[in-house]
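For reference, the structure is listed below as structure tokens.
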Amino acid sequence: GTDQKGERFWNRIHNYCEEYNPTMKRGVGATKKQWHKITKAVAQFAGCYDQATRNIRSGSRGIYIKELAYKIYSSNYG
């Protein structure tokens, strides 16, 4: 539910990950840290994708937008 404490939430996420990936070696804290790294990168790429959609001519195919988004992401974040 929405009223659970952070520690309980991350324990549930960790248990879920272990259930579906028994070879996982991360602890609860490392799982949480990895999630934050992933969401940061996704947010950065989403910003690059938005920028790419503004810079592409009308009627362009989606593949061109994605390619431009990758180029923008690479130049901004490496």
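Derivation of every value follows stated rules applied to the coordinates shown; laboratory data play no part. Just so it is clear, the structure is predicted and the values come from calculations on it, not from any experiment. Virtual Cβ from ideal backbone geometry, glycine too; neighbours counted across all protein chains shown.
At-a-glance table
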| item | result |
| --- | --- |
| Inter-probe distance in nm under a simple model that places probes 7 Å from Cα toward Cβ, at Lys66 and Arg12 | 3.3 nm |
| Under the span-like rule (Cα at least 24 Å along the axis, Kyte-Doolittle mean at least -1.0), DSSP H helices of the chain | 28-55 |
| Sites Ala46 and Lys25 - FRET efficiency at Förster radius 22 Å, r taken between beta-carbons, to 0.05 | 0.15 |
| Inter-label distance for Ile38 and Tyr77, nm, one decimal - labels placed 7 Å from Cα along Cα-to-Cβ | 1.4 nm |
